[in-house]
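The values are calculated or read from the model by the stated rules, or taken from the named source; none is laboratory data. Since the structure is predicted, the reported quantities are computational estimates derived from the model, not experimental observations. Note that we place each Cβ from the backbone using ideal geometry, even for glycine, and neighbour counts take in every protein chain shown. Just the protein is used for accessible areas: all its heavy atoms, side chains included, with ligands, DNA and RNA removed. Shrake-Rupley method; radii C 1.70, N 1.55, O 1.52, S 1.80 Å.
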Amino acid sequence: PRVCVVGSGPAGFYTAQHILKHHGGALVDIYEKLPVPFGLVRFGVAPDHPEVKNVINTFTQTAHSERCTYYGNVTVGRDVTVPELQQAYHAVVLSYGAEDNRVLGIPGENLPGVYTARAFVGWYNGLPENQDLKPDLSCETALILGHGNVALDIARILLSPLQLLRKTDITDSSLAALACSKVKRVWLVGRRGPLQVAFTIKELREMINLPGARAVLDAADFTGLESAVKDAPRPRKRLTELMIKTALEKPVEMQAAAACREWGLKFQRSPQEVLPSADGRRVRGIRMALTCLEGSGDSAKAIPTGDVEELECGLVLSSIGYRSLPLDPAVPFDSQRGVIPNCSGRVEGVPGLYCSGWVKRGPTGVIITTMNDSFDTAQSMLEDLQGGVLDMSPSREGFGLVESILRSRGVRPVSFSDWEKIDAAEVARGKAAGKPREKIVDPAEMLRIIGH
C-alpha cells in the first residue's frame, strides 16, 4: 500500500512510524508545507525545554527508513489537492495540526500591543510567518489571558534572565528584542479558579524557581481548597498544593531584594474589552468581568457576576487555544469544534481518508497524547487494509503522479537530505554564537542554502 501523510509534526511522524513498523510493505510519503519538518516540536516547544525536542531523533530515524520519503515545501490544498492525493495513494492521513488561533471576540482585540500566544511563540521560535511581529515590549506590565502551559511558557520567556535564554535556540532577533524589554511584571488571568488551571506542575515549578522573579499569589484565592482537593486525582492535588504553598510562603528577605521582576495568577476574571490609550494608538489596559463558578471540577462554568475591574497593562497576549482550519473543500470539517469529523481517525463518509493529532481531536494534550492518538489512527488504517475496506486493486503511482502535478504548477519539493543541509547550517551558526542552533527564519534563505 502507498500511504500519504499530510503534515510533518508529531502527529504525522508518529502515524508514519506506526504504519512502517506494523506493515512490512507499506510505503509512506510525508508532505509538509514548510521546507523544514517537525511542526510544533520545532516551532511550539519553548527554547528552554530542549529535552522535549529529543523526539526529533526518533522522527529522523523514521524519515531515514527506505520506505519513507519526505516532501517539504508542498502546500496541500493549494499545490496539490486532497482528491489528487487520493488518486495517487491507497490511503491519505491528514495530520496538519492547528494553524490558527481562537479569537477573544471582544472590542479592542486588534489594537497594537495585543498579540495571540500562537504568533508570539512563533516569533521567538522562528516560525517564518511570525518573523515580522516586532512585539512592543516597552511597557512594564504584560497580561496573558489563559492558564495553560503555553501561557506559562510565554511568561517564563518574558521574565527569564538573558543569560539563560542565550544558551537556547531562541531566535537572534527575539533575543535582541527581549534584551531591550521593559516588562517586569506579568499577570496570568483565567476565567475560572485555581482548581481549573490547565498548566502542569513541571511548568508551574519552573516559574516559581525562575531566578530574579517572584511569585505573587493571593492567599485568599486558595481558601478552603486543601479540603476540596483531598480526593482529587494526584496530579491536580499536587498542583493545587504547590500553588497554596507558594501563596502562603513569605519571601525570604534576600530573595525578595534580588527579585526585580514578578508574576502572578489572577482567577475568575473574563476579558470584556481591551482599553485603548488616550490617542487610541495602543493598549492601556483591559476591562474584566468578575465571574463566579457554577459546578465543580473541570466542568465548572464561569458566570459573570456583574462586577467589573480594570487592569493596567501595555501588552496583552491571548493564550486561549489554537484552532484547526479546513484544508480542502473535499474534506468534511466541523467548524464548530474545529476538527475533521471522524471515528477512531477514519474520516466520516470518506473511505481511505484518515486524520490524526490536533485536527482529529482538537488542540489539547502534549506530545505523548498525540503519539497515542496517532498510533490509534494508524491502527484503524491497518485494520482497514486487513479487512479489505481499502481498495488495493488499482496500483497507485504515489509520488510519481504527484510529481507531475507539482511540476506542472511550478512547485519543487524539498527532500529530507535537503533539510539535513539546512539543519547543519543552523547548527554551525549556533555553534559560532554558543547556542545549540541559530534557526533560519526566512524560507527563501532555506531554499538558497540547498541550491533550490
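Residues checked against (1) more than 24 Å from Val103 (Cα to Cα); (2) within 27 Å of the chain's Cα centre (by Cα); (3) touching a residue at least 40 places away in the same chain (Cβ under 8 Å):
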{"residue": "Cys292", "(1), (2), (3)": "no, no, no"}
{"residue": "Gly295", "(1), (2), (3)": "yes, no, no"}
{"residue": "Ser299", "(1), (2), (3)": "no, yes, no"}
{"residue": "Leu327", "(1), (2), (3)": "no, yes, yes"}
{"residue": "Ala330", "(1), (2), (3)": "yes, yes, yes"}
{"residue": "Gln336", "(1), (2), (3)": "no, yes, no"}
{"residue": "Val339", "(1), (2), (3)": "no, yes, no"}
{"residue": "Met371", "(1), (2), (3)": "yes, yes, yes"}
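Count, please, the residues in the range 211-244 that happen to be in a loop (DSSP other than H, G, I, E, B), in contact with a strand residue (DSSP E or B) (Cβ under 9 Å, 6 or more places away or on another chain) and open to solvent by less than 30 Å² (accessible area, probe 1.4 Å).
Of the residues in the range 211-244, 1 are in a loop (DSSP other than H, G, I, E, B), in contact with a strand residue (DSSP E or B) (Cβ under 9 Å, 6 or more places away or on another chain) and open to solvent by less than 30 Å² (accessible area, probe 1.4 Å).
Do you know which residues across the range 71-89 are more than 24 Å from Asp391 (Cβ to Cβ) and among the acidic types (Asp, Glu)?
Asp79
Can you pull out the residues in the range 6-39 that are in a helix (DSSP H, G or I) and buried (at least 24 other Cβ atoms within 10 Å of the Cβ)?
Pro10, Ala11, Gly12, Phe13, Tyr14, Thr15, Ala16, Ile19, Gly39
Count, please, the residues in the range 322-340 that happen to be part of a loop (DSSP other than H, G, I, E, B) and open to solvent by less than 30 Å² (accessible area, probe 1.4 Å).
Residues in the range 322-340 being part of a loop (DSSP other than H, G, I, E, B) and open to solvent by less than 30 Å² (accessible area, probe 1.4 Å): 5 in total.
Tell me which residues, restricted to the range 76-89, are on the phi < 0 side of the Ramachandran plot and open to solvent by 30 Å² or more (accessible area, probe 1.4 Å).
Selection gives Arg78, Thr81, Pro83, Glu84, Gln86, Gln87.
Name the residue that is nearest to Glu262 (Cα to Cα), counting only residues in the range 168-183 that are polar (S, T, N, Q) and in a helix (DSSP H, G or I). Spell out how you get there, then give the answer.
Narrowing the range 168-183 to residues polar (S, T, N, Q): 168, 171, 173-174, 181.
Subset that is in a helix (DSSP H, G or I): 173-174.
Details: Ser173: 24, Ser174: 21 Å.
Ranking the candidates gives Ser174 first.
I want to confirm something. Restricting to the range 90-115 and keeping residues that are open to solvent by less than 10 Å² (accessible area, probe 1.4 Å) and out of contact with any Lys or Arg (no Cβ under 9 Å at 6 or more places or on another chain), which single residue is nearest to Leu127 (Cα to Cα)?
For the range 90-115, the residue satisfying everything is Val93.
Tell me, which residue of the range 410-446 that is in contact (Cβ under 8 Å) with a residue 60 or more places away in the chain and among the basic types (Lys, Arg) is farthest from Val74 (Cα to Cα)?
Going through the qualifying residues, I end up with Lys435.
For residues that are open to solvent by less than 40 Å² (accessible area, probe 1.4 Å) and basic (Lys, Arg), tally how many sit in the range 341-388.
Counting residues in the range 341-388 that are open to solvent by less than 40 Å² (accessible area, probe 1.4 Å) and basic (Lys, Arg) gives 1.
If Asp172 satisfies every condition in (1) touching an Asp or Glu at 6+ places or on another chain (Cβ under 8 Å); (2) without any contact (Cβ under 8 Å) to a residue 12 or more places away in the chain; (3) not hydrophobic (A, V, I, L, M, F, W, C) but one, which is the exception?
So the condition that Asp172 fails would be (2).
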